[in-house]
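Undergrad: Take this structure, written in structure tokens, and hold onto it; I'll ask about it next.
Just so it is clear, none of the values below were taken in a lab; they were calculated from the coordinates. This is a predicted model, so every value here is computed, not measured. Virtual Cβ from ideal backbone geometry, glycine too; neighbours counted across all protein chains shown.
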Amino acid sequence: MKECANVFEITFEAKSINEGFARVCVAAFCVQLNPSVDEISDIKTAVSEAVTNCVVHAYPKKEGLIKLRCEIEGNKVTIEVCDFGVGISDIKKAREPFYTTKPTEERSGMGFAVMEGFMDSLEVESNGQSGTKVVMSKVIGSLEKMSVGG
């Protein structure tokens, strides 16, 4: 019998002060999976990067919104972070480590690399004109991890 998913979705303003709010919301939601400290830290870091990307890049000259959706099915958490801003014209280039569109602002260009490193999967969707959606997933306490100890 397949377990039903548990989902939450919130929308908030694309302001840097809300990055911590997003991290805490996702972390609190993931507690039901009994994650390790490292797993929850990884998730919080990836969410921070995704939200920060929206704040910094999606709305360069105006205010906007970020939609955060989190779904748990079995022991897998899937997180979507969406903006409705300018979009990414070249996703492949944007995902390259150290690439940044804001070098004068001391941006490292490592956002997507960090997300990819801390999560099991990362997908980026954008048409280069009207927003970007980042979908990340992580399996908590996977069988491979559990079988290592015994």
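Undergrad: Mind listing the long-range amide H neighbours of residue 15? Cut-off is under 5 Å, sequence gap 5 or more, other chains count too, H placed in the peptide plane at 1.01 Å from N.
TA: none
Undergrad: Multiply the residue separation of residue 65 and residue 6 by 0.36 nm, subtract the distance between their alpha-carbon atoms, and state the gained length in nm to one decimal.
TA: Contour length minus Cα-Cα distance gives 18.9 nm.
Undergrad: Can you tell me the order of 82-89, 25-32 when each peptide is scored by its average per-residue count of other Cβ atoms within 10 angstrom, highest first?
TA: Ranking the peptides 82-89, 25-32 by packing returns 82-89, 25-32.
Undergrad: In whole Hz, what ³J(HN,Hα) sequence does segment 26-35 give by Karplus (6.51, -1.76, 1.60; θ = phi - 60°), x for Gly and Pro?
TA: Result, ordered by residue: 5, 4, 4, 5, 6, 4, 4, 8, 6, x Hz.
Undergrad: While we're on this one: For residue 85, which sequence-distant residues (separation of 5 or more, or a different chain) have an amide H within less than 5 Å of its own amide H, given hydrogens modelled in the peptide plane?
TA: 131, 132
Undergrad: Let me ask another. Could you sort the peptides 131-140, 44-53, 60-69 by per-residue average Cβ neighbour count (10 Å cutoff), highest mean leading? Write out the running numbers ahead of the final one.
TA: Details: 131-140: 20.3, 44-53: 22.5, 60-69: 14.7.
Ranking the peptides 131-140, 44-53, 60-69 by packing returns 44-53, 131-140, 60-69.
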